[in-house]
Amino acid sequence: MPVEFLGIAATHDGSETSPRSGAAFDKEYTLKLARAHEDHGWDRVLFAYGSGSPDPAPAAAFIASRLDRLQILLAHRPNVSYPTFAAKTFATLDRISDGRLTVHFITGGNDHEQGREGDTLTKDQRYSRTREYIEIVKRIWTTHEAFDHEGEHYRFHDFVSDVFPVQQPRPDVSFGGSSPAAYEAGGAEADIYCLWGEPLERTAEQIEAVKAAARAAGRPAPPRIQVAFRPIIAPTEELAWEKAHRTVDTIKARREQGDAALVRRYRRGEPENTGSQRLIAIAESGERYDRALWTPTAAATGGAGNSNALVGTPETVARALLDYYDLGVDIISARGYDLLGDAIDFGRHVIPLVREEVAKRDAERDSKQNAERDAERAVRGTRNLVEAG
């Protein structure tokens, strides 16, 4: 099936390698970055969530009302609002965007970050809450009769929404994580399961874990798989690797200088979430994996979020992404360190290469399947003639 590309809908121009130049919500830059994605072949952008960051929902509505094609992935933490309120917010945003919304539910992998907004549940309790939350939101989106809910985390009575999504029966739900509890919850509830970029062998293991969880939940088909990377590309391999080392040196220097934004975002010490622990373990085992995966970017940030890089020319990075596509990954999440410039470069030079090769592979597969069906029909026809004679 066709591959999709997810970029970042940042609300300012800051990144791990450079401080922002203006306000946390820079309306002009937010629109400029989103338009660059829409104009250069990206399918959707992520409006991320942070405890002190601009609210992603109105930022997403701002972009949706000004762009025509770009789809929206809205990150949401269940601890920040009641599911009845959130379901209406999401449905309204799907209306504003004419059916371009997907919602990414974040359970929360760091107790300190969750506590910044008053969330005191344990990690296991948070997974239980997220699963109940998603179930409620789905029901609100698809139910036109008032209903009651008596659950472990939420209780309400006689609720029915008056606003429903454009997408029928509902928008897609996205979910991520690398722990058994995450696989269980996401395998049961997610339409899209999100992973951070790891070596091919480990990614294949995670995909199988998600599929197994979906089977255990009785689902007829598993979630689609999304994998995230930080591409570092240049016209030649030598220039790409020079750029990669400059990037890591800059990140390290900013952290050592005590840059307030990085220190607050990437707290020191061992990470609590399994995904970051995995990234650190992979980095400790080696710097380079497979065709282009490079781990020092993850090590420099303490395994924070989407942080493993793919380094090389556009052709090298495209081939690396196709290796993941062959594993069953059909959504690629990517963002560089120069958010605007890298979004344009990746859209111009990498996305077309991947799409062209995926289309070729899909056509070859379809042709092979059609030939096999024709051969099977011919065998059946011959058998019927023999039996009739």
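Tabulated data for the structure shown
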| quantity | calculated |
| --- | --- |
| Orientation-averaged projected area, Cα convex hull of the stretch 1-141 (nm²) | 9.6 nm² |
| For the chain: relative contact order, % (alpha-carbon pairs under 8 angstrom, 6 or more apart) | 18 percent |
| Expected-Rg normalisation [2.2 N^0.38 Å, Cα atoms] applied to the stretch 134-235 | 1.34 |
| With DNA, RNA and ligands ignored, accessible area of Asp68 (1.4 Å probe; Å², nearest 10) | 130 Å² |
| Accessible area per residue, Å², the stretch 1-79 with all protein chains present, probe 1.4 Å | 40 Å² |
| If the convex hull is drawn through the Cα atoms of the stretch 266-321, its volume per residue in Å³ | 76 Å³ |
| Selected from Ser307, Ser333, Ser161 as most flexible by GNM, with the chain as the system and alpha-carbon contacts under 10 Å | Ser161 |
| Cα extents of the chain along the three principal axes, largest first (Å) | 88, 63, 41 |
| 32 Å Cα-Cα threshold exceeded, pairs from Lys138/Lys360; Lys27/Lys360; Lys88/Lys360; Lys88/Lys252; Lys123/Lys211 | Lys138/Lys360; Lys27/Lys360; Lys88/Lys360; Lys88/Lys252 |
| Hydrodynamic radius by Kirkwood, which averages 1/r over all alpha carbon pairs of the stretch 212-337, in angstrom | 15.9 Å |
| Cα convex hull of the stretch 180-259, projected area averaged across orientations, nm² | 7.8 nm² |
| Sparse-neighbour loop sites [GluC sites (Glu not before Pro); the stretch 60-164; at most 11 other C-beta within 10 Å; DSSP] | Glu145, Glu152 |
| Distant-in-sequence amide H partners of Phe5 (H built 1.01 Å from N, under 5 Å) | Asp43, Arg44, Ile332 |
| Full-extension gain in nm, Arg202 to Tyr154, via 0.36 nm per residue minus C-alpha separation | 13.7 nm |
| Evaluated over the stretch 23-91, the Cα radius of gyration and Dmax, each in Å | 12.6, 37 |
| Solvent-accessible area, 1.4 Å probe, carbon plus sulfur percent, for the chain | 49 percent |
| Rg to Rh quotient for the stretch 272-389, alpha carbon positions, Kirkwood Rh | 1.26 |
| Set of the stretch 145-160 residues, backbone N closer than 19 Å to the point 7 Å along the Cα-Cβ line of Ser81 | 154-157, 159-160 |
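The values are calculated or read from the model by the stated rules, or taken from the named source; none is laboratory data. In this text, all values refer to a predicted model and were calculated from it rather than measured experimentally. FYI the Cβ positions are ideal-geometry reconstructions off the backbone, even for glycines, and counts take in every protein chain you see. Note: areas computed on protein heavy atoms with side chains; ligands, DNA, RNA excluded. Shrake-Rupley method; radii C 1.70, N 1.55, O 1.52, S 1.80 Å.
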